[in-house]
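These notes are about the structure you will find just below.
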Amino acid sequence: MNFIPTKLEGCFVIEPKVIQDERGYFMESFNEKTFQNGIGQNVHFVQDNQSFSSKGVLRGLHYQTGEHAQAKLVRVLKGEVLDVAVDIRPNSPTFGQYEAVFLSSENQKQFFVPRGFAHGFLVLSETATFFYKCDNFYNKESEGGISYDDKTVNIDWKFPLEDLIISEKDKVQPTIENAKKAW
């Protein structure tokens, strides 16, 4: 696996080694020892989640606060998404900045989003199956979120905003300045 650091400290794009032949392909999608060495952190995942969405669905930007904060390792099993992490660590030099990564079943890339980041994704293909590991259990009382169209963060979703399909909950998320503090 190739671990590529991003401009946001702690976030990594991970390129697996894919072995292809006439039968198809094989790849190791996760190995805890390789993963921890690659990111330089001791992260232990405890929960796997999967979602299925249609083109134009935007899920996010979400995070968990305090002792329930979550790191995520995300990938696409089928389809294509634009995956986004926003730094919400108040003392970080990249606070309010984002990283966007194109993930697909074709490129097999993964994106590691550590604790202290809001996360979301937009489906670019007709449908997409999205899979992610979390290093902490979900806790409803610790939910936080920021608006997908926050002008301060200014995410380029590479998709017409008027064509987005967004949950009622995500339509009313606050700006990064007014969001629930992560710590």
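Any read-out appearing in this document is the output of simple, stated calculations on the displayed coordinates, not a laboratory observation. As the structure is a prediction and not an experimental result, all values here were calculated from the model. For neighbour counting, all protein chains shown are included, and Cβ atoms are generated from backbone atoms with ideal geometry for every residue, glycine included.
Some notes on this structure:
- So H44, is it surrounded by fewer than 19 Cβ atoms within 10 Å (Cβ to Cβ) and touching a strand residue (DSSP E or B) at 6+ places or on another chain (Cβ under 7 Å): no
- Of the residues making up the range 138-177, just one is among the basic types (K, R), part of a loop (DSSP other than H, G, I, E, B) and loosely packed, with under 10 Cβ neighbours inside 10 Å, namely K151.
- Every test in (1) within 29 Å of S142 (Cα to Cα); (2) not in a strand (DSSP E or B) is passed by E106 save one, and that test is (1).
- Taking first residues from the range 17-36 that are touching a residue at least 60 places away in the same chain (Cβ under 8 Å) and partners that are assigned to a strand (DSSP E or B) and of a type in the set (F, W, Y), the Cβ contacts under 6 Å between residues at least 6 apart in sequence or on separate chains come to V18/Y25.
- The residue that is nearest to the chain's Cα centre (by Cα), counting only those in the range 76-96 that are surrounded by 15 or more Cβ atoms within 10 Å (Cβ to Cβ) and part of a loop (DSSP other than H, G, I, E, B), is I88.
- Where Q70 falls short, out of the listed (1) part of a strand (DSSP E or B); (2) farther than 19 Å from T175 by Cβ; (3) in contact with a Cys (Cβ under 9 Å, 6 or more places away or on another chain): (1)
- Pick from the range 9-65, criterion outside any loop (DSSP other than H, G, I, E, B) and aromatic (F, W, Y), ranking: nearest to V76 (Cα to Cα): F52
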